[in-house]
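The numbers here are math on the coordinates, done by the rules we state, and not lab data. All values reported here derive from a predicted model rather than from experimental measurement. Note that we place each Cβ from the backbone using ideal geometry, even for glycine, and neighbour counts take in every protein chain shown.
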Amino acid sequence: MPYTIWYGNSGYSPLLQVLMSICKSHIKFEFVVSNCNKETLAMSGNVTNTKTPIKICITGAAGRIAYSLIQSLSKGDVFGHDQMMILHLLDIEKSKDALYGIALEIEDLASHVVLDCVITTSPMEAFADADIAILIASMPHLPGMERIDLLRANTKIFRETGEALEKVAKRSINVLVVANPCNTNALITMKYAPSICPSQFTGLSMLDHNRTVAQVARKLGPHSNTDHIRNVVVWGNHSSTMYPDLSHATLLNPHTNTVSLVKDLVDPTWARGELLKTVRTRFSEIINRRGMTTMSTGKAIADHLRSWNNGTLTGTHVSMALPSNGEYGVPQGVFFSYPVTVDYTGKVSVRTGLELDDFAKEMIAESYRELKAEADQALQLAAEEH
């Protein structure tokens, strides 16, 4: 029987429909896709996916944040419906039964993108040949625990994580640190995985970014859409010194196709007062009320990974914590949340050239001082433990 291949991307075009109708009875037909959707897959019949499956390692995988995230990953919402994946779920020994239960649930999802699920308590097994690592596990702040004890425990965890990544992960791995203090945990992880490029390490600030967008939408009224609010920035540490900045944020009016500056639509005293306080204290408020920020953190991780995988739209940026290289006056030696752009190859770059007023400069300097002190202490602890 004659054989033909159609190379295409997403969409079910009339031309493809005609070709498939002709080929169905006369030719063995194969549809090779590079970026397909579920509808195309369902109608095309014999499908060959040309993307290589990726290995994704999640630490703290028995926890509630990972549980929320895994649902998005398994639906294809993050890396696309044509990207197959193998999940490596890592947690401590006492959580092994819970890990097994999660693996059973993943199987029951009947996901079209999850090829396999590996559960383990060994970092070396979990990170072996991993393409992406999502680091959620950390020591929680227990009642009566001093800050120095918490920092010491987490420094040890992320030093060992970095060492495991250095030994067994792919050199091309992308690492997202979620666990708090995420900026400093990212710094320690990067330091102990020296053969992995620093640009492949990021810390999560998308949760604070999303909180800022949500508050702006609420302030602008019920008809505003969070998808139309872009270019907010969260600067600095994921802590009470972070600075949610609306100076360059925009609002799209889809009906008139016009763009307005958010700072022209809101009271500046609100932006520097109530908004600042709300975003900075939101984590504590939720923790006090329910003990964990599960849904919003899982969504923020998915948003971060989606931007890293797909890139940012031209003229837009999102917030990520990166190792500083002096941008906006922040010295090297800390992970700092910046406005970033991502190109089609996945390269993350700080968006430079944004003007800062005196208030923004003061907020950035305050957050840097906190991060610098924390980083110095963590690096000292890591050296003592090593």
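As I understand it, the value is the acute angle between the Cα axis of helix 96-108 and the longest principal axis of the Cα atoms of the chain; what does it come to in degrees, rounded to 10?
Relative to the chain, helix 96-108 is tipped by roughly 40 degrees.
Above 25 angstrom, tally the Cα pairs of the chain and express them as a % of all pairs, no decimals.
59
Please find, in a Gaussian network model of the chain (springs between Cα atoms separated by less than 10 Å), the residue of Ala133, Ala360, Ala186 whose mean-square fluctuation is greatest.
Fluctuation is largest for Ala360.
Which of Lys75, Lys277 comes first, and how do the rest follow, when ranked by fewest Cβ neighbours within 10 Å?
Fewest-to-most ranking of Lys75, Lys277: Lys277, Lys75.
In the Gaussian network model of the chain, springs joining C-alpha atoms below 10 Å, which of Arg152, Arg290, Arg218 carries the largest mean-square fluctuation?
Arg290
Please arrange Asp129, Asp82 by how many other C-beta atoms lie within 10 Å of their C-beta, fewest to most.
By the 10 Å Cβ count, ascending, the order reads Asp129, Asp82.
Find which of Ala373, Ala110, Ser337 sits farthest along the positive direction of the dipole of the chain, computed with +1 on the beta-carbon of Lys and Arg, -1 on that of Asp and Glu, about the Cα centre.
Ranked along the dipole, the leading option is Ala110.
Using the Kirkwood formula on the Cα atoms of the range 233-386, what hydrodynamic radius do you get, in angstrom to one decimal?
17.3
When the C-alpha atoms of the range 299-351 are aligned to their principal axes, what extent does each axis show, in angstrom, from largest down?
Result for the range 299-351: principal-axis Cα extents of 29, 23, 16 Å.
Considering only Leu142, Leu356, Leu276, give the residue with the highest GNM mean-square fluctuation for the chain, with springs between Cα atoms whenever their separation is below 10 Å.
Among Leu142, Leu356, Leu276, the largest mean-square fluctuation in the Gaussian network model of the chain belongs to Leu142.
Nearest 500 deg cm²/dmol is fine: what mean residue ellipticity at 222 nm does the chain get from its DSSP H runs of n ≥ 4 alone, each adding -39,500 (n - 2.57), divided by its residue count?
Helix contribution divided over all residues of the chain: -13500 deg cm²/dmol.
Which value, in debye to the nearest 20, describes the size of the charge dipole of the range 206-355 about its Cα centre when Lys and Arg Cβ atoms bear +1, Asp and Glu Cβ atoms bear -1, and nothing else is charged?
I would put it at about 440 debye.
What do you get when you divide the Cα radius of gyration of the range 53-166 by 2.2 N^0.38 Å, with N the number of residues?
This ratio for the range 53-166 stands at 1.11.
Tell me, how many Å apart are the Cα centres for the range 52-86 and for the range 95-115?
So the separation of the two Cα centres works out to 11 Å.
Taking the Cα centre of the chain as origin, sum charge times position over the Cβ atoms of Lys and Arg (+1) and Asp and Glu (-1), and report the length of that vector in debye to the nearest 20.
Charge dipole of the chain: 500 debye, to the nearest 20.
Say the dipole of the chain comes from +1 at the beta carbon of Lys and Arg and -1 at that of Asp and Glu; which of Tyr100, Ala382, Ser72 then lies farthest toward its positive end?
Ser72
Any chance you could give the angle, 0 to 90 degrees and rounded to 10, that helix 294-310 forms with the longest Cα principal axis of the chain?
For helix 294-310, the angle is close to 60 degrees.
For the range 309-386, what Kirkwood radius comes out of the mean inverse Cα-Cα distance, in Å? Write out the running numbers ahead of the final one.
Details: mean 1/r = 0.0713 Å⁻¹.
Every distinct Cα pair counted, the radius reaches 14.0 Å.
Which order results if His304, His248 are arranged by neighbouring Cβ count within 10 Å, fewest first?
His248, His304
Positive end of the charge dipole of the chain (Lys, Arg +1 and Asp, Glu -1 on Cβ, about the Cα centre): tell me which of Ala186, Trp270, Val175 has its Cα farthest that way.
Result: Trp270, furthest along the dipole toward the positive end.
Relative to the longest principal axis of the chain, what angle (0 to 90°, nearest 10) does the C-alpha long axis of helix 274-290 take?
Here the helix axis deviates by roughly 80 degrees.
Which number do you get for Rg(Cα) / (2.2 N^0.38 Å) in the range 124-245?
1.25
Pull up the cross-link candidates among the lysines for Lys347, meaning alpha carbon to alpha carbon under 30 Å and not fewer than 8 places away within one chain.
Lys347 reaches Lys38, Lys51, Lys55, Lys75, Lys156, Lys167, Lys170, Lys191, Lys263, Lys299, Lys361, Lys372.
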